[in-house]
């Protein structure tokens, strides 16, 4: 595996961190990307214990310029990652009429714009080499409208549809595209989204272990699968969403996600 690199965004916490551990354990050198220098330094030392090379890159993926510079830096150093994990993503909680538009634009930039730029650069780099694997963090949120979390659900609907489309385009290229669809997971996502008052968090036992989600995604990535819904309950949720109208799915999601004290 010497010389093979995996590029992981959002690698310092949550599902991205667990995926980076699995890749390192499998012998892949890592390029880990996040904004926080201190967290990157800590995780770089940890991942090096697997006996792999680790390059940490502090980039703000809310900014398109940082996404382009990330890949430019890799190219200048002769690094062509064989695996791309697009994990970084955030949400914002509340009714759309009340939420901050600037925050929502940032989320669209992070969840969609940075992902399509990075994936474009990865594909352009890997096409001539005839190999590569992409794992995009989608969500079961991609399968139904999401009142109280509408922009996030919308971004994940884009990621899911787009991932399936480019997978078809790339089917004879040697590059695979896999989408990982977790449900609510025990990460810092809800804190960042200011979502801790949501009914979805009333029972902490309903939250998946990020290590279990990552293992599902890792296995699907290595198999070259098109997508994986992580967890039995989430598979049932997606199946129900597929069988009901959008308006009914939106109602059910609203009941799940509205604030605890909301009638």
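The values are calculated or read from the model by the stated rules, or taken from the named source; none is laboratory data. None of these values were measured; they are calculated from a predicted model. Note that each Cβ is placed from the backbone with ideal geometry, even for glycine, and that neighbours are counted across all protein chains shown.
Quick notes
- Any hit, segment 111-130, residues being buried (at least 21 other Cβ atoms within 10 Å of the Cβ), touching a helix residue (DSSP H, G or I) at 6+ places or on another chain (Cβ under 9 Å) and within 27 Å of residue 251 (Cα to Cα): yes
- Check on residue 133, touching a residue at least 24 places away in the same chain (Cβ under 8 Å) and assigned to a loop (DSSP other than H, G, I, E, B): no
- In segment 150-197, the residues that are outside any helix (DSSP H, G or I) and closer than 23 Å to residue 239 by Cα: 177, 178, 179, 180, 181, 182, 183, 184, 185, 186
- Candidate set from segment 71-122 (those that are part of a helix (DSSP H, G or I) and without any contact (Cβ under 8 Å) to a residue 40 or more places away in the chain); member that is farthest from residue 258 (Cα to Cα): 76
- Conditions (1) under 15 Å from residue 83 (Cα atoms); (2) surrounded by fewer than 23 Cβ atoms within 10 Å (Cβ to Cβ): number failed by residue 48: (1)
- When each of 127, 118, 110 is tested for being under 19 Å from residue 19 (Cβ atoms), in contact with a strand residue (DSSP E or B) (Cβ under 9 Å, 6 or more places away or on another chain) and modelled with pLDDT of 95 or more, the lone residue that passes is 118.
- Sole residue being more than 19 Å from residue 179 (Cβ to Cβ), out of contact with any helix residue (DSSP H, G or I) (no Cβ under 6 Å at 6 or more places or on another chain) and modelled with pLDDT of 95 or more, chosen from 83, 105: 105
A quick yes/no check of all residues on (1) free of Cβ contacts under 8 Å to residues at least 40 places away in the same chain; (2) closer than 30 Å to residue 147 by Cα; (3) part of a strand (DSSP E or B):
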| site | (1), (2), (3) |
| --- | --- |
| 7 | no, no, yes |
| 12 | yes, yes, no |
| 16 | no, yes, no |
| 19 | no, yes, no |
| 22 | no, no, no |
| 33 | no, no, yes |
| 38 | yes, no, no |
| 41 | yes, no, no |
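For every residue, the table says whether it meets (1) without any contact (Cβ under 8 Å) to a residue 24 or more places away in the chain; (2) crowded, with 18+ Cβ neighbours inside 10 Å.
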site: 191; (1), (2): yes, no
site: 209; (1), (2): no, no
site: 230; (1), (2): no, yes
site: 233; (1), (2): no, no
